[in-house]
Amino acid sequence: MEWCARPLRVCAGASLRPGSSWWAYRARFERVNEKPRPDYLARLRVVDAYLRHQLDQIGRWIAEEERKVAAAEARRPPPPPPDWLIERGIGVGRPPMYVHVGDCHMARGMRRGVDQAQARRALAEGVEACSHCRPDTALGIVE
């Protein structure tokens with residue numbers, strides 16, 4: 001009797017009667033050719049453990065790079081203070097209140113660094129000069 005490669009298929013010329021040899025070999029044929037399926041859940045757990053390990057490794061690499069960047073930032077000196085500051089008020093429009101020299105100790109709160117032209121323009125538009133650092137004198141503006 002000839003057997004096909006697929007389980008429970010009989011090639012041409014085989015007898016399918018209950019007393020034939022096909023019935024005798026059927027149980028043996030099913031046991032031999034039907035391999036037990038590996039536990040799919042166990043395989044998924046192995047893949048999950050591997051990917052978690054990889055993710056932990058990537059997390060360690062990221063932390064190491066962040067430490068390197070933080071160390072480089074700590075070694076870098078802070079930027080120099082701007083030459084001129086405009087101190088802004090509180091409110092919706094936040095109008096400018098005072099013009100300061102960049103290292104003035106009275107400049108606090110809402111302030112931003114500006115260049116010399118912006119500081120001159122602000123003083124010309126009527127923004128007050130700080131009475132401690134006198135930016136108008138430093139800019140050469142005499143009223």
Inset, instruction - In nm, give the distance between the simple-model label positions of Glu65 and Ala117, each being 7 Å from the Cα along the Cα-to-Cβ direction. - result: 4.0 nm
Inset, instruction - Quick one: what are the phi-derived ³J(HN,Hα) couplings along region 109-122, Karplus 6.51/-1.76/1.60 with θ = phi - 60°, whole Hz, x for glycine and proline? - result: x, 7, 9, 8, x, 9, 8, 5, 5, 5, 5, 4, 4, 5
Legend entry - Where labels lie 7 Å past Cα in the beta-carbon direction, separation of Leu41 and Ile141 in nm: 7.9 nm
Inset, instruction - In nm, give the distance between the simple-model label positions of Ala72 and Ile58, each being 7 Å from the Cα along the Cα-to-Cβ direction. - result: 2.2 nm
Legend entry - Long-range amide H partners of Gly102 with built H, under 5 Å: Trp84, Leu85
Legend entry - Leu41, Leu139, Leu85 arranged by Cβ crowding within 10 Å, fewest neighbours leading: Leu41, Leu139, Leu85
Inset, instruction - Going by C-beta contacts inside 10 Å, put Met106, Met97 in order with the fewest on the left. - result: Met106, Met97
Legend entry - Sequence of Val99, Val69, Val114 once ranked by neighbouring C-beta atoms within 10 Å, starting from the fewest: Val69, Val114, Val99
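We did not get these values from a lab; they are worked out from the coordinates using the rules stated. Values in this document were obtained by computation on a predicted structure and should not be read as measured data. Cβ atoms come from the backbone with ideal geometry, glycine included; neighbour counts cover every protein chain shown.
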